[in-house]
Amino acid sequence: MKAPEFFHGTQPFKVGIFIQSCQLIIHNDLENSSQDRKRGLYATSFLIGRAEKWIEPYVFNLANQDPNYLLISWAIFRSQLFTLFEGQNEARKAGAELNALRMKEAVHVSLYIAHLGSLGSGIGDWG
């Protein structure tokens with residue numbers, strides 16, 4: 001099996017492909033699939049650029065044995081990677097849509113407000 005491509009973090013839409021590639025390798029390698037810590041460390045070895053800068057403080061604290069520590073829990077690692085990189089992409093997209101939103105003359109106010117609310121929910125605590 002081919003190793004995952006390096007994940008830079010500059011193209012957030014690729015985070016899912018990166019995680020999927022890591023999972024295929026991990027599940028194919030019985031030794032790695034038995035320990036969450038090995039899963040996180042394996043995936044970490046393919047992070048470069050922005051993504052590497054994000055994970056660096058965690059790598060320097062590998063002695064941390066807290067079960068909720070990012071590099072001990074594969075589920076937490078994946079969740080944080082998605083939240084940080086893919087979540088930012090969704091927020092940017094929703095922000096751009098909000099900035100471009102205009103009420104057309106033929107649209108009812110209630111529909112405009114509903115659309116505005118749905119876009120606002122996509123960016124969380126904005127502005």
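A short reminder: the numbers here are calculations on the coordinates, not readings from a lab. Only a predicted model underlies this, so the values are computations on that prediction, with no experimental measurement involved. Note that we place each Cβ from the backbone using ideal geometry, even for glycine, and neighbour counts take in every protein chain shown.
For Leu47, what residues show an amide H to amide H distance below 5 Å, using hydrogens built from the backbone and excluding near sequence neighbours?
Here Phe7 satisfy the definition.
Just to check I understand the Karplus step: with θ = phi - 60° and J = 6.51 cos²θ - 1.76 cosθ + 1.60, what whole-Hz values come out for segment 16-28, glycine and proline as x?
Using θ = phi - 60°, the values come out as x, 5, 4, 4, 4, 4, 4, 5, 4, 5, 4, 6, 7 Hz.
By its C-alpha gyration tensor, with a ≥ b ≥ c as the square roots of the eigenvalues, how is segment 1-81 shaped: rounded for a/c under 1.5, else prolate for a/b larger than b/c, else oblate?
Judged from the Cα gyration tensor, segment 1-81 comes out oblate (a/c at least 1.5, b/c at or above a/b).
Grab the beta carbon distance between Val109 and Phe82, set R0 = 30 Å, and tell me the FRET efficiency rounded to 0.05.
The value I calculate is 0.25.
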